[in-house]
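The values are calculated or read from the model by the stated rules, or taken from the named source; none is laboratory data. Quantities reported herein were computed from a predicted structural model and do not represent experimental measurements. No Cβ is skipped: glycine too gets one built from the backbone with ideal geometry, and neighbour counts run over all protein chains shown. Each accessible area value is taken on the protein alone, full model and side chains, heavy atoms only, with ligands, DNA and RNA left out. Shrake-Rupley method; radii C 1.70, N 1.55, O 1.52, S 1.80 Å.
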Amino acid sequence: MAAESPISEGTANGRRRDGFWLLVLWIVLSVIGCLLVALVLGPHLPPGDQSSSAASQQTDFTVLSTIATPVVVGVLLYLGWALVFWRQQPGDETDAAPLHGHTGIQTTWIAGTAVIVLALAVYGTIELVSPAGAGAGEGPQPIWKPAGTTTSSVTTWSAGGSNILQVQVIGQQWAWTYRYPQFGGFETTQLMLPVGQPVQFNVTSLDVIHSFWAYTLGVKADANPGLNNVAYTTPQHTGYFQVRCSELCGIWHGSMYDTGDVLSVPAFMAWTQATKAQLADVTKLLPPYAASYDPTAVSNMGAINTKLGLTGAGGGFYNPADPEQP
Ligand SMILES: [Cu+2]
């Protein structure tokens with residue numbers, strides 16, 4: 001009787017043994033990895049937790065990173081195992097054992113990935129709807145609105161009331177300004193928000209497309225001329241936050257950064273009253289508060305431009321009275 005091939009027999013046994021230890025190691029390392037990612041790395045993931053939308057995004061990133069950890073661990077473990085144990089020995093010219101289909105593994109793979117993808121679709125939908133959007137602009141008529149707030153035809157605001165605080169964000173080459181319609185409609189370069197109060201950003205532009213990106217608030221909404229793009233959030237912690245333009249909008253795009261501040265409610269109220277009084281003369285010159293502005297149709301803008309020295313090609317608003325402009 002011919003002796004059995006020591007190579008094929010050894011390889012088949014070896015594969016079973018390797019498979020067992022790979023599985024054990026993968027489970028152990030995945031549990032450790034998931035705990036480290038969820039509990040240690042998670043609280044440090046961007047964009048932090050300064051607002052409700054930022055915290056929600058941080059939770060989502062933590063969940064996704066934790067789910068991805070066993071996959072990453074599996075790939076690295078398999079790669080490391082192959083490098084260490086399956087490398088070709090010097091002088092070994094034999095072929096490895098042939099691979100065949102394995103119905104169990106294939107079925108498990110398809111079922112597992114299908115469950116992960118479908119579960120994430122459900123999770124993603126819930127995470128989109130429950131915080132009234134994902135911190136990005138939802139267009140002029142959002143489908144989801146924060147519960148318990150009135151978001152239209154609002155003329156006054158008080159902390160804890162049902163009227164949501166409205167802040168209009170106006171992008172133009174190359175600066176951000178902010179209008180507060182519930183405080184007389186003044187326009188300022190300072191972005192102040194009260195802590196613990198829901199905010200509705202009404203984002204628009206006077207010229208090209210910009211993108212309002214309050215990074216640590218987890219808010220990023222395109223600023224389109226002639227359009228109101230609404231985004232909601234609730235600041236959770238006082239302190240400064242960064243604002244950038246996230247849409248290449250011209251040569252000084254990079255200088256469209258700004259620092260906003262989340263204040264206590266009394267400090268915010270004091271700021272609004274002081275700013276309203278301080279800017280009263282300028283507010284009178286502004287066009288009436290609107291969801292968006294057409295610079296070619298706003299009669300006051302020519303006068304303001306002249307005051308500010310902004311007329312002429314390439315400077316500030318389009319001015320229909322300016323012969324240098326088409
Ligand atoms: Cu810009």
message: Could you check the stretch 86-124 and list, in sequence order, the residues that are more than 15 Å from G19 (Cβ to Cβ) and either of a type in the set (D, E) or at pLDDT below 90 (or both)?
response: R87, Q88, Q89, P90, G91, D92, E93, T94, D95, P98, G101
task: Could you pull out the residue among P131, P90, P47, P98 that is open to solvent by 30 Å² or more (accessible area, probe 1.4 Å), under 30 Å from L263 (Cβ atoms) and outside any helix (DSSP H, G or I)?
output: P131
query: How about the stretch 247-273: which of its residues are within 16 Å of the ligand (Cβ to nearest atom), under 22 Å from the mean Cα position of the chain (by Cα) and more than 16 Å from T189 (Cβ to Cβ)?
result: E247, L248, C249, H253, G254
query: Of all residues in the stretch 202-238 being aromatic (F, W, Y) and modelled with pLDDT under 95, which is nearest to the ligand (Cβ to nearest atom)?
result: Y215
- request: Could you tell me which numbered condition G137 fails, if it satisfies all but one of (1) closer than 26 Å to F61 by Cβ; (2) surrounded by fewer than 10 Cβ atoms within 10 Å (Cβ to Cβ)?
  value: (2)
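Yes or no, residue by residue, for (1) within 17 Å of Q50 (Cβ to Cβ); (2) open to solvent by less than 10 Å² (accessible area, probe 1.4 Å):
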residue: Q190; (1), (2): no, no
residue: N202; (1), (2): no, yes
residue: L206; (1), (2): no, no
residue: N229; (1), (2): no, no
residue: S246; (1), (2): no, no
residue: S264; (1), (2): yes, no
task: Go through the stretch 141-191 and count every residue that is of a type in the set (F, W, Y), part of a strand (DSSP E or B) and free of Cβ contacts under 8 Å to residues at least 24 places away in the same chain.
output: 1
task: Assess whether L83 counts as being over 30 Å from P47 (Cα atoms), at pLDDT 90 or above and part of a helix (DSSP H, G or I).
output: yes
